[in-house]
Number of protein chains: 2
Amino acid sequence: MTFDLVAHDPQTKARAGVLTTDHGTIQTPIFMPVGTAGSVKAVHQREVKEDINAQIILGNTYHLYLRPGLDTLRKAGGLHKFNGWDRPILTDSGGYQVYSLSETRKIKEEGVKFRSHIDGSHHLFTPEGVMDIQRVIGADIIMAFDECTPWPCEYDYARKSMDMTHRWLKRCIERIDSTEPLYGYEQQLFPIVQGSTFRDLRKQSAEFIAAQGRAGNAIGGLSVGEPAELMYEMTELCCDILPADKPRYLMGVGTPANILENIALGVDMFDCVLPTRNARNGMLFTTQGIINIKNKKWEQDFSPIDEELGGYASTFYSKSYVRHLFHASEYLAGMVSSVHNLTFYLWLVRNAREQILAGTFREWKEKMVKQLMVRL
Amino acid sequence: MTFDLVAHDPQTKARAGVLTTDHGTIQTPIFMPVGTAGSVKAVHQREVKEDINAQIILGNTYHLYLRPGLDTLRKAGGLHKFNGWDRPILTDSGGYQVYSLSETRKIKEEGVKFRSHIDGSHHLFTPEGVMDIQRVIGADIIMAFDECTPWPCEYDYARKSMDMTHRWLKRCIERIDSTEPLYGYEQQLFPIVQGSTFRDLRKQSAEFIAAQGRAGNAIGGLSVGEPAELMYEMTELCCDILPADKPRYLMGVGTPANILENIALGVDMFDCVLPTRNARNGMLFTTQGIINIKNKKWEQDFSPIDEELGGYASTFYSKSYVRHLFHASEYLAGMVSSVHNLTFYLWLVRNAREQILAGTFREWKEKMVKQLMVRL
């Protein structure tokens, strides 16, 4: 896995790069659609590739471990073979879901004991075990097992949690470096900066992560309820410490404005359920602003969802029709909206990249942040 | 609208024809996917056309009248413009849904008073009103307003109901013949044979319908719970009376076996919610037989859903993956299964047509009826 920086924006810290994996290259900055259980919700694999033009998608270790389970994934030859997605895959470590979804969980030095939200069965995630699971899933990018602290968080808890995340990271590294990929292609571990919203902890964590010298680095524990300005402050602090020649991945972020602001601070990779989850609730992100497609306002608006954006879903279906689909509780409502929102998110990062290459990113970003967040 | 018969099977009453409408031609025998509220459930319009190769779809008068409503449909320029489907559309008359879905309904000579299943509002469907509604929807083929009797049904009730359906038909014809299409293309009325499962009533009704000399004719009130043999008996009786030079449409039928048997009796057109509804419940119709994809049996079967069938959904996704999608309650489960089942249904009628053209339909049908209904 290699990362080549091809341009720096002269007026911000934004960069354009190319991340090369055994499943193909990724043009950064990039947004990664979330395919929790091996499916980007309500979207066919063909559409993820050909309509949305996604270059990499996410899989979720917690969900995939519970269902379909490791035996099936191993026999399938990994997640790529199982779901038919032949471009890169990144898997999160499952930590976040263990904390947010499982019925009971106990965090100890060894790892996290939890009960499945599906059938109540007991499980233990350890740093070593989670590395092994991601080997079986066959992700191109494997995330370290960490604790994602809630916000707000006591300083003392944040510090202790960060220290444990660092100790867990050493165990993750030891395991990854002493095992081999199962399917013949390279798998790289990205460690994760924690430290809540405390500057000294974030600094300490970013320095610790940077020192590991891995192929890429991530910033976790943000976009968990803190004000956007605080998120940007932490992102900037981390980006300034994390190595410039490695990709930086900001986990779980965010709105179109969040993405553009964080690109300006030096982030290269993003993922978020927002475009797909909000799509299923009728919130559409467009090049002109945000649409709540269920509103009466769109009842007889027969114009396409987003003519300027282009692409099948956004130009074929009218606002009036999609509004009708939501009111009639049709499957197609969530399907059209999901393809549209993801097409928009990939359009957003593709355009950000072009603006960085052209040296015009800052001005464009200032304009877009306002335009894209307008409620139409 | 013209109907040209291009071949007759030498050993059965099966025929192959071409039905020409202002929205294009339909190769018969044909299966029409059901798009109740203007959307074939869980399937993009592009897939209905390009993957499934549907030549005509159904819309539902009752649903479309209630939602999005006539004002929106008229302003959109009809259903074709509203949902973006540019091939032929047939609308049922709404009668069946009034009886099965609405909270209360009162059948009188004038028409049917009912309350919306959505908001409880009061409505009246009359033969004239239903013709006007279908003019607004803009269907290429408009169905007469009838009463679909339940099964079993008292002889006396069936006779009285049939007589009223005939009187309603005269009113439908008068209305259609004294009004014009709204959008510049031809709309043709198909009357419907009723009479439950009583031979003398069916004969009387088929003769009455045949005498109207419309562009096509339908057989209703079957596949409502009666044994298949009784359905076939009634279909044959009706087909033998209905004009040979007009398309015959058997409403709401059925399983793959039902379709093949009825083609053999002279039916040209079919519709049914079975392929899409069962798809959403995990029942897949394949060229090798019927699969309950949720079963443990398919957990680690990584072969495509149906290699022989061809097409994106049926060959790209594995049985194991689709089973996983159902167990994980993913949108994609119903999406893949719906495209697959409809692809299968269109494959079925396309192959039936080819066999009729080749003069080999009977033998093929006997084999397929057994093969397709096997539980795998």
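The values are calculated or read from the model by the stated rules, or taken from the named source; none is laboratory data. None of these values were measured; they are calculated from a predicted model. Methodologically, a virtual Cβ is constructed for each residue, glycine included, from the backbone with ideal geometry; neighbour enumeration extends over all protein chains shown. Ligands, DNA and RNA are stripped out before the accessible areas are found, and what is left, the full protein with its side chains, is counted by its heavy atoms. Shrake-Rupley method; radii C 1.70, N 1.55, O 1.52, S 1.80 Å.
Considering the conditions (1) open to solvent by less than 70 Å² (accessible area, probe 1.4 Å); (2) away from chain A (no Cβ under 14 Å); (3) in contact with a helix residue (DSSP H, G or I) (Cβ under 7 Å, 6 or more places away or on another chain), B:Tyr99 is excluded by exactly one of them, (3). Determine if segment A:35-42 includes at least one residue that is in contact with a His (Cβ under 7 Å, 6 or more places away or on another chain), within 7 Å of chain B (Cβ to nearest Cβ) and of a type in the set (A, V, I, L, M, F, W, C). Looking through segment A:35-42, at least one residue is in contact with a His (Cβ under 7 Å, 6 or more places away or on another chain), within 7 Å of chain B (Cβ to nearest Cβ) and of a type in the set (A, V, I, L, M, F, W, C). The criterion of at least 1 residues that are touching a Ser or Thr at 6+ places or on another chain (Cβ under 8 Å), open to solvent by less than 30 Å² (accessible area, probe 1.4 Å) and more than 12 Å from chain B (Cβ to nearest Cβ) is met by the following helices (runs of 4 or more DSSP H) wholly inside segment A:293-370: A:312-316, A:331-358. One residue alone among A:Trp364, A:Trp298 is of a type in the set (Phe, Trp, Tyr) and within 21 Å of A:Pro29 (Cβ to Cβ), and that residue is A:Trp364. Selection of first residues in segment A:241-267 that are over 15 Å from A:Phe31 (Cα atoms) and of second residues that are modelled with pLDDT of 95 or more and basic (Lys, Arg), restricted to Cβ pairs under 6 Å at least 6 apart or on distinct chains, gives the following pairs, ordered by first then second residue: A:Leu242/A:Arg248; A:Leu265/A:Lys13. Of the conditions (1) within 21 Å of the chain's Cα centre (by Cα); (2) of a type outside the set (Lys, Arg); (3) farther than 22 Å from B:Ala16 by Cβ, B:Thr343 fails just one. Which one is it? Failing condition for B:Thr343: (3).
Here B:Met32, B:Met1 are screened, and the one residue that is hydrophobic (A, V, I, L, M, F, W, C), under 30 Å from B:Val336 (Cβ atoms) and touching a residue at least 12 places away in the same chain (Cβ under 8 Å) is B:Met32. Restrict the check to segment A:224-242 and report whether at least one residue is touching a Lys or Arg at 6+ places or on another chain (Cβ under 8 Å) and assigned to a loop (DSSP other than H, G, I, E, B). Checking segment A:224-242: at least one residue is touching a Lys or Arg at 6+ places or on another chain (Cβ under 8 Å) and assigned to a loop (DSSP other than H, G, I, E, B).
Taken as a whole, segment B:19-38 holds at least one residue that is farther than 24 Å from B:Arg214 by Cα, of a type in the set (A, V, I, L, M, F, W, C) and within 16 Å of the chain's Cα centre (by Cα).
When you look at A:Ser205, is it among the small types (Gly, Ala, Ser) and assigned to a helix (DSSP H, G or I), yes or no? Taking the combined requirement at face value, the residue satisfies it.
Restrict the check to segment B:9-30 and report whether at least one residue is hydroxyl-bearing (Ser, Thr, Tyr), within 14 Å of another protein chain (Cβ to nearest Cβ) and buried (at least 17 other Cβ atoms within 10 Å of the Cβ). Within segment B:9-30, not a single residue is hydroxyl-bearing (Ser, Thr, Tyr), within 14 Å of another protein chain (Cβ to nearest Cβ) and buried (at least 17 other Cβ atoms within 10 Å of the Cβ). So how many residues does segment A:208-229 have that are within 20 Å of A:Phe3 (Cα to Cα) and surrounded by fewer than 24 Cβ atoms within 10 Å (Cβ to Cβ)? Of the residues in segment A:208-229, 7 are within 20 Å of A:Phe3 (Cα to Cα) and surrounded by fewer than 24 Cβ atoms within 10 Å (Cβ to Cβ). Working only within segment A:43-62, note down all residues that are in contact with a helix residue (DSSP H, G or I) (Cβ under 7 Å, 6 or more places away or on another chain) and either within 11 Å of another protein chain (Cβ to nearest Cβ) or within 24 Å of B:Ser303 (Cα to Cα) (or both). Listed by number, the residues that qualify are A:Val43, A:His44, A:Gln45, A:Arg46, A:Glu47, A:Asp51, A:Ile57, A:Gly59, A:Asn60. Tallying residues that are open to solvent by less than 60 Å² (accessible area, probe 1.4 Å), polar (S, T, N, Q) and more than 16 Å from B:Glu147 (Cα to Cα) within segment B:173-207 yields 3.
The listed residues are B:Gly213, B:Gly252, B:Gly184, and the only one of them that is within 20 Å of the chain's Cα centre (by Cα) and either among the acidic types (Asp, Glu) or assigned to a loop (DSSP other than H, G, I, E, B) (or both) turns out to be B:Gly252.
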